[in-house]
Amino acid sequence: MKFRIEKTFAKDVDNIRDRNALSKLQDFIALLENAESIHSMPHIKKIEGYDSFYRIKIGNYRLGMDVSSKEVVLLRFLHRKDIYRYFPKRG
């Protein structure tokens with residue numbers, strides 16, 4: 001599956017010090033590359049009230065994604081207490 005990484009995602013990952021979460025994130029990205037569609041992947045949930053935003057739990061962190069028919073955009077990777085302040089963007 002085709003995916004793209006946003007600058008906000010890269011900055012979030014640079015600030016993470018939890019090696020276990022980073023390792024699981026790396027495994028998820030490898031799985032994403034080989035997946036046929038986002039719906040074939042386990043543990044992905046749609047954000048209520050939005051058409052294309054999804055999230056996945058990775059330890060105490062959440063990965064926020066925007067899914068279209070052509071590609072998946074990795075938007076944010078933040079701690080569970082902070083993710084919904086910044087994802088999904090409103091307005």
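The packing ranking, built from the mean of other Cβ atoms within 10 Å per residue, places the peptides 46-54, 60-68 in the order 60-68, 46-54, highest first.
Annotation: the chain has a Kirkwood hydrodynamic radius of 13.3 angstrom, from the mean reciprocal C-alpha pair distance. Which of the aspartates and glutamates could a cross-linker span from Lys46 if the Cα-Cα distance has to be under 13 Å and same-chain partners fewer than 8 positions apart are dropped? Partners within reach: Asp66.
Given Lys11/Lys70; Lys7/Lys81; Lys24/Lys57; Lys57/Lys81, which pairs have Cα atoms separated by over 18 Å? Going by Cα-Cα distance, Lys11/Lys70; Lys7/Lys81 fall outside the 18 Å limit.
Read the figures in this text as sums done on the coordinates, not as results from a lab. Predicted model only: the values in this text are computed from it and were never measured. Reconstructed Cβ throughout: ideal geometry from the backbone, glycine too, with neighbour counts over all protein chains shown.
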